[in-house]
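Participant: First, the structure itself, so that you have it in front of you.
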Amino acid sequence: MRIAHLMLFNFYIDDAFYQENILPRQNKADGHEVLIIASTHVFGKGNSMTSTSPRIYFTKEAIKVIRVPYKKIVNEKITKKIRAYKNVYFHLEQFKPDVIFSHGIGGYESKTIAKFVKNNPATKLYIDCHSDFYNSATNFISKYFLHRIFYRHFFWKYEKFAKKVYYVAPESIAFLKELYGFNDQSKMEFLPLGGFIIDENEIIKRRKFIRKHLNILESDIIFIHTGKLDVKKKSSELINAFTQIKNNNIKLLIVGTFSDDVYSNVKELIDNDERIKYLGWKTGEEVQDYLCASDVYMQPGSRTVTVQNAACCGCAIITNRSMIYTYLFGKSVFYAETEEEVKKSIEKLIARPFLINKYKKKLLEIAKNKLDYKKIANAYL
């Protein structure tokens, strides 16, 4: 089967572990021919968005990637909001996909995708929505002009040709309904952000390797916090809570990059606590290794797919009360959003360490049933 993944309404970061990276990899591993057509949006220094050059290249999995140039409209800022590209129809025509998976719900180029599917009715189109009121439409112009009027107009151009409109979290349903006027229950389906299930023997192997590398005992309890560590992640609250607990058998791994304002608040705490190891930015594969070595993943702030990855790697989890987490995990995780709640959760796990293994097993079973990308990647085939 020939599958085209389109990343024209969001970014595509090479070698990352986002859904847009993993689904094409899994499709390729399953024997399908895969093409990625992506914008030139990438991460730059300090996690800011920047641009790369339009070009054609191959990933290490031998997946062809075509970075298409924007059609310039007025200036660079407006151009990137309009989301019109050159040669998308041409590249689709050359590839002749059986399936198009369009990651994202809005932009001028929806019209091109609709035109291609209309002219090639054997091609199946699937759309997914990652947007919600937390991560999108966060100001007046974005909400009422871009989403409610402009993107909505073009969404309806290609939605009518789609077999499914997937949502990655329950929060996205309200977003689609309110800003896009879309609530077709016959088309909407939950397709969660997931992860790769790590075999339990492989988890043990990676756990031993990383702990030896970091000089951490097997009997120590490792807590881990990852990502783009800004105010929304509540990293300051988490680190403050950890440093208040006087126990030499617990360790905190921090993997990621701090925003300047957050780092200025926590640098002294990190420097003065030998139990905290700030490891900096790591690749997606390296993050998996550190998750396997850890016991408890902590994310009291904004949502991140690493919560799902942590479950797949056998961690217990302390996280926020977002709908997606309560929906997926129920009572199988600890919920904490404030410094005091984080502190109490850590203290509870230290006092009753058997709970860690209990919750690890619960979450790994949930991951196997709901979050395995090997299964998720077949949902749209």
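The values are calculated or read from the model by the stated rules, or taken from the named source; none is laboratory data. Everything numeric in this text was worked out from a predicted model, so none of it was measured. Every residue, glycine among them, receives a Cβ derived from its backbone with ideal geometry; neighbour counts consider all protein chains shown. The protein model used for the area step is the full one, side chains on, heavy atoms only, and it has no ligands, DNA or RNA in it. Shrake-Rupley method; radii C 1.70, N 1.55, O 1.52, S 1.80 Å.
Participant: Nearest 20 debye, what's the magnitude of the dipole of the range 135-230 about its Cα centre given +1 on Lys and Arg Cβ and -1 on Asp and Glu Cβ?
Facilitator: The calculation lands at about 340 debye.
Participant: Same structure, new question: Note down the magnitude of the dipole of the chain about its Cα centre, charges +1 on Lys and Arg C-beta and -1 on Asp and Glu C-beta and zero elsewhere, to the nearest 20 debye.
Facilitator: Computed about the Cα centre, the dipole is about 1040 debye.
Participant: Between Phe140 and Val74, what length comes free when the chain is fully extended (0.36 nm per residue of separation minus the Cα-Cα distance, one decimal in nm)?
Facilitator: 21.6 nm
Participant: Here's something else I'd like to know. GNM on the chain, C-alpha springs below 10 Å: top fluctuator among Ser186, Ser236, Ser345?
Facilitator: Ser186
Participant: Considering only protein heavy atoms and a 1.4 Å probe, what is the carbon-and-sulfur percentage of the accessible area of the range 160-235?
Facilitator: Numbers: 2010 of 3720 Å².
About 54 percent, which is the carbon plus sulfur part of the accessible surface.
Participant: To the nearest Å, what is the center-to-center distance of the range 278-325 and the range 328-381, using C-alpha atoms only?
Facilitator: 10
Participant: Still on this model: Any idea what the relative contact order of the chain is, in percent, if you count C-alpha pairs under 8 Å spaced at least 6 apart?
Facilitator: Dividing the mean separation by the residue count of the chain yields 14 percent.
Participant: Would you kindly state how much longer the chain becomes between Glu347 and Asp260 on full extension, computed as 0.36 nm times their sequence separation minus their alpha carbon distance, in nm to one decimal?
Facilitator: Here the segment from Glu347 to Asp260 would lengthen by 28.4 nm.
Participant: Another one. Which shape class, rounded, prolate or oblate, goes with the chain when its Cα gyration tensor gives a ≥ b ≥ c as root eigenvalues, a/c under 1.5 marks rounded, and past that a/b bigger than b/c marks prolate?
Facilitator: The shape class here is prolate.
Participant: Please give the solvent-accessible surface of Arg2 in Å², to the nearest 10, using a probe radius of 1.4 Å with every protein chain present.
Facilitator: About 70 Å², rounded to the nearest 10.
Participant: Please give the contour-minus-distance gain from Glu189 to Lys208: 0.36 nm per residue of separation, less the Cα-Cα distance, rounded to one decimal in nm. All intermediate terms of the calculation are to be shown ahead of the outcome.
Facilitator: On the way: separation 19, 0.36 × 19 = 6.84 nm, distance 3.95 nm.
Full-extension gain reported as 2.9 nm.
Participant: With the other protein chains left in place, how much accessible area per residue, in square angstrom, belongs to the range 136-264 at a 1.4 angstrom probe?
Facilitator: On the way: 6310 Å² over 129 residues.
That works out to 49 Å² for each residue.
Participant: Per DSSP H run of n ≥ 4, the term is -39500 (n - 2.57); total these for the chain, divide by its residue number, and report the mean residue ellipticity at 222 nm rounded to 500 deg cm²/dmol.
Facilitator: Calculated at 222 nm, the ellipticity per residue is -11000 deg cm²/dmol.
Participant: Give the accessible area for Arg352 in Å² (nearest 10); use a 1.4 Å probe, count only protein heavy atoms, and leave out ligands, DNA and RNA.
Facilitator: 110
Participant: What number comes out for accessible area per residue over the range 1-106 if the probe is 1.4 Å? Units Å², please. Intermediate results must be reported in sequence, preceding the final value.
Facilitator: Numbers: 4650 Å² over 106 residues.
Roughly 44 Å² per residue, with all protein chains present.
Participant: Using the Kirkwood formula over every pair of different C-alpha atoms, what hydrodynamic radius in Å results for the range 126-268?
Facilitator: For the range 126-268, the Kirkwood estimate is 19.1 Å.
Participant: Counting only the heavy atoms of the protein chains, how much of His32 is accessible to a 1.4 Å probe, in Å² to the nearest 10?
Facilitator: Ignoring ligands and nucleic acids, His32 comes out at about 40 Å².
Participant: Taking all protein chains as present, what is the carbon and sulfur share of the accessible area of the range 322-381, in % to the nearest whole number, probe 1.4 Å? Mind showing how you got there, number by number?
Facilitator: Values: 1640 of 3120 Å².
With neighbouring chains kept in place, the figure for the range 322-381 is 53 percent.
Participant: Against the 2.2 N^0.38 Å scaling, with N counting residues, where does the range 287-330 land? I'd like the Cα-based Rg ratio to two decimal places.
Facilitator: Here the answer is 1.06, to two decimals.
Participant: Would you mind telling me the share, in percent, of accessible area of the range 22-104 contributed by carbon and sulfur at probe 1.4 angstrom?
Facilitator: For the range 22-104, the apolar C and S fraction of the accessible surface comes to 53 percent.
Participant: Of Tyr57, Tyr12, Tyr126, which is the most mobile in a GNM of the chain whose springs link Cα atoms less than 10 angstrom apart?
Facilitator: Highest fluctuation among the options: Tyr57.
Participant: Using label points projected 7 Å from each Cα along Cα→Cβ, tell me how many nm separate Leu279 and Lys375, to one decimal.
Facilitator: In this crude label model, Leu279 to Lys375 measures out at 2.8 nm.
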